[in-house]
1. Using a basic spin-label model with each label point 7 Å from the Cα along Cα→Cβ, how many nm lie between residue 58 and residue 28?
2. By how many degrees, 0 to 90 and rounded to 10, does the Cα axis of helix 146-158 deviate from the longest principal axis of the chain?
3. Please report, for the Cα atoms of the stretch 1-104, the Rg to one decimal and the Dmax as a whole number; what are they, in angstrom?
4. Would you mind checking the radius of gyration and Dmax of the chain based on alpha-carbon positions, in Å?
5. Lys pairs in the chain, Cα-Cα under 23 Å, at least 8 apart or on separate chains: how many?
6. Relative contact order for the stretch 111-184: what is it in percent, counting Cα pairs under 8 Å that are at least 6 residues apart?
7. Give the distance, in whole Å, between the Cα centre of the stretch 44-105 and the Cα centre of the stretch 119-155.
8. How high is the relative contact order of the chain, given as a whole-number percent (alpha carbon pairs under 8 Å, six or more residues apart)?
Amino acid sequence: MASAEETVRTYLTALRDPESLRDEDLIAEKTAKLESADDPISRLMLQEEIRKLAAPSLESVEDEFVVHAKAWADEVGISGKAFAAEGVPTQVLRRAGFDVGGTTKAKRSTTRRSSGTRVTTEEVIAAMPSGSFTVKMLKESSGASPAVVRKAINAEQEAGRLVEIGPDPDHSGPGRAATLYKKG
């Protein structure tokens, strides 16, 4: 079992470089088993294992982060703002128990925008996490207006540095799922 610090390190590394979650040795091992397997069900199961290993999900690493990050951060004196500066989405910080501001309109009015400081497109681009994100997540983390966030996303897409992944597969509830974007 990994230590809390190692769990935090793994998650932060995966946010910047999701490919770091790939276990190339295990992929090679499963591929070798697939090449020698004759049973169609065994082959099918190996195909699925290899597919999952080749495109690892950040979700399980994120879940471990949520369990351990707050206690570890309290122990070593790290704030939620430091994690946010490293690209941890606000919703993940909330799940982990960090105080990242409320969701009420009264508390939202204390964002950067209300102080008279305009958030530029460049600042929004700089705030884009390396993992997947939605317009709303980027709006919350940057403090920019939805129009500035969309302008930044469009600029990065036109430059080929951002790709649209599609609808959020974790969406539940009423309405259409938000679109996910990722640096690419």
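The values are calculated or read from the model by the stated rules, or taken from the named source; none is laboratory data. Small disclaimer: the values here were computed from a predicted structure and weren't measured. Neighbour counts are summed over all protein chains in view; Cβ atoms, including those assigned to glycine, are modelled from backbone coordinates with ideal geometry. To get the accessible areas, we keep the full protein, side chains included, count just its heavy atoms, and leave off ligands, DNA and RNA. Shrake-Rupley method; radii C 1.70, N 1.55, O 1.52, S 1.80 Å.
1. 2.8 nm
2. That works out to roughly 40 degrees.
3. 17.8, 59
4. 19.3, 67
5. Pairs that pass both the separation and distance tests number 24.
6. 32 percent
7. After rounding, the separation between the Cα centres reads 19 Å.
8. The value is 18 percent.
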